[in-house]
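Comments concern the structure below.
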Amino acid sequence: MQQKNYNLDQILNNFNIDRLNEMQLASIEANEKHEDVILLSATGSGKTLAFLLPVLELLNVEHKETQAMIIVPSRELALQIEKVFKSLGTNYKVSCCYGGHLRETEENNLIQPPALIIGTPGRLCDHIRRGNITLNSITTLVLDEFDKSLELGFREEVSFIINSLPNLNKKILTSATEAVEIPDFIALKDPIRLSFLSNEHDPTTGLAVKTIFSSEKDKTETLFNLICYLGGRSTIVFCNHRESVERTSNYLTQKGIYNEFYHGAMEQQQRDSALCKFRNGSTDILVTTDLAARGLDIPNIRYIIHYHLPLSEDVFTHRNGRTARMDASGTAILILSAEEKLPVYINETVEQIDIPASSPLPEKPKWSTLFIAAGKKDKVNKIDIVGFLGNKGELKKEDIGLIEVKDFFSFVAIRKNKVSQVLQLIKNEKIKNKKVKIDVAK
């Protein structure tokens, strides 16, 4: 492999890994030799690094205009890729463009063109039409999760974006599934195809698939009993509709199960709050639509519960990709009512779970999440928050958990038994000489 213009050892150290995996090495090699590459690999296998390193190799520090663009199907995936790119430790500017927050914020970020733009199709189209992006300088395009980016709702927008980039000479397409046709407007030139997809139900992947039967068509009581039986381990519950998500979440709350719900109709701050609480241990149960089946980097998820049967094998695969990531193990459980059968694409023997009529409620989470109405745009960072909570809130280091700083607000996990005391101590205090709202995250 040729000499790189980045320090691989430093990047591996930043990610706390010893070496790149086989798929990542193959992607780097293929991208050195071919203009267009299609990379198929399971969720959680490290695809983001597998396409970001080749993109990084093509960036030129002397060029002050945008050189590469990554199109993604969801804002969560855009933010996740941005986070990974920043963790590479380069000096290149990166900007994220997605709906659900102020376009003006993004326009300000684009005044000095970033080397890399990551965005959802609709918002990228908006910026292109407004002349906010330097189009002629972009030579590299990545379509991440292209099976979703090329669905009918996005096709027209992706086609518009590609036709607006006259000097593309490299395209990388990635997906965790094979079942999609690549339309002609992508204009791939003799692409090389790398497939690292294995049988999703192969026991060597660390994923076990099980079923549980619900005697009632309404499965909520079965779900409640199952969660109690599983004992409060980190669990995602997938429903097929937003209304079902909220109804199921409310039912669990009424029964004493701490949980958060998450779907596409929520405001961005609500979505960020729900995911942050799940990541930081303020809740162990996330009830969601298939929006959460992609792009969420949440480690150590033990159980995937299919409250509603997935609508296709691809959906089943992506849902299950939230668990058993890399070397970890996980279990996918399908709840079947009397009239439902196991989907035909699950053709191996699946263990049926029998659970007691009742199990004790899981322990309540030991963490709670505070919302702070200040973020990156207010020049507030994690060190500021730790210092503030330590000095003014009298918290010890071990009382402070995961901190996430967004553009205009932040979330911080603290020990639940410290919440009242901290809020009392800091109610008249300032962060960075500014009085900001701080409260338990809603």
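What number of residues in the stretch 384-415 are surrounded by fewer than 17 Cβ atoms within 10 Å (Cβ to Cβ), out of contact with any strand residue (DSSP E or B) (no Cβ under 8 Å at 6 or more places or on another chain) and not in a helix (DSSP H, G or I)? Matching residues across the stretch 384-415 total 5. For the stretch 271-299, the candidate set comprises residues that are surrounded by fewer than 18 Cβ atoms within 10 Å (Cβ to Cβ) and closer than 15 Å to Leu79 by Cβ; within that set, the residue that is nearest to the chain's Cα centre (by Cα) is Asp297. Note on the stretch 39-53: residues that are at pLDDT 90 or above and either touching a strand residue (DSSP E or B) at 6+ places or on another chain (Cβ under 9 Å) or closer than 14 Å to Gln80 by Cα (or both) amount to 8.
Summed over the stretch 146-160, residues that are surrounded by fewer than 22 Cβ atoms within 10 Å (Cβ to Cβ) and touching a residue at least 40 places away in the same chain (Cβ under 8 Å) total 2.
Please state which one of Thr140, Thr120, Thr134 is surrounded by fewer than 18 Cβ atoms within 10 Å (Cβ to Cβ) and hydroxyl-bearing (Ser, Thr, Tyr). After applying the criteria, what remains is Thr134. When the test is whether a residue is part of a loop (DSSP other than H, G, I, E, B), in the same structural domain as Thr174 (by TED's automatic domain parsing), at pLDDT 90 or above and closer than 28 Å to Glu178 by Cβ, Leu20 passes it.
Listed here are the residues, each with its yes/no results for (1) under 19 Å from Ile355 (Cα atoms); (2) modelled with pLDDT under 95.
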{"position": "Glu216", "(1), (2)": "yes, yes"}
{"position": "Leu223", "(1), (2)": "yes, no"}
{"position": "Leu230", "(1), (2)": "yes, yes"}
{"position": "Arg233", "(1), (2)": "yes, yes"}
{"position": "Arg247", "(1), (2)": "no, no"}
{"position": "Tyr251", "(1), (2)": "no, no"}
{"position": "Gln254", "(1), (2)": "no, no"}
{"position": "Glu267", "(1), (2)": "no, yes"}
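Name every residue in the stretch 162-178 that is in contact (Cβ under 8 Å) with a residue 40 or more places away in the chain and in contact with a helix residue (DSSP H, G or I) (Cβ under 6 Å, 6 or more places away or on another chain), in order of residue number. Full working, then the answer.
Step one: list which residues in the stretch 162-178 are in contact (Cβ under 8 Å) with a residue 40 or more places away in the chain, which gives 165, 169-178.
If the condition is that a residue be in contact (Cβ under 8 Å) with a residue 40 or more places away in the chain and in contact with a helix residue (DSSP H, G or I) (Cβ under 6 Å, 6 or more places away or on another chain), then Ile172, Leu173, Thr174, Ser175, Thr177 are the ones that fit.
In the stretch 417-442, the qualifying residues are those that are aliphatic (A, V, I, L, M) and in a loop (DSSP other than H, G, I, E, B), and the one that is farthest from the chain's Cα centre (by Cα) is Val436.
For the stretch 68-91, give me the residue count where each residue is under 25 Å from Met23 (Cα atoms) and either not in a helix (DSSP H, G or I) or not assigned by TED's automatic domain parsing to the domain that holds Thr139 (or both).
The initial filter retains those residues of the stretch 68-91 that are under 25 Å from Met23 (Cα atoms), namely 68-74, 76-90.
Narrowing further to those that are either not in a helix (DSSP H, G or I) or not assigned by TED's automatic domain parsing to the domain that holds Thr139 (or both): 68-74, 88-90.
Going through the stretch 68-91 one residue at a time, the tally reaches 10.
Give me the residue from the stretch 235-265 that is in contact (Cβ under 8 Å) with a residue 60 or more places away in the chain and crowded, with 21+ Cβ neighbours inside 10 Å and, out of that set, farthest from Leu291 (Cα to Cα). Across the stretch 235-265, the extreme among qualifying residues is Ile257.
Output the number of residues of the stretch 395-415 satisfying the condition of being of a type in the set (D, E, K, R), farther than 15 Å from Gly375 by Cα and touching a residue at least 60 places away in the same chain (Cβ under 8 Å). Qualifying residue count, the stretch 395-415: 0.
The values are calculated or read from the model by the stated rules, or taken from the named source; none is laboratory data. Note that the structure is predicted; figures quoted are calculated from it, not measured. Counting neighbours? That spans all protein chains shown, and the Cβs are built from the backbone with ideal geometry, glycine included.
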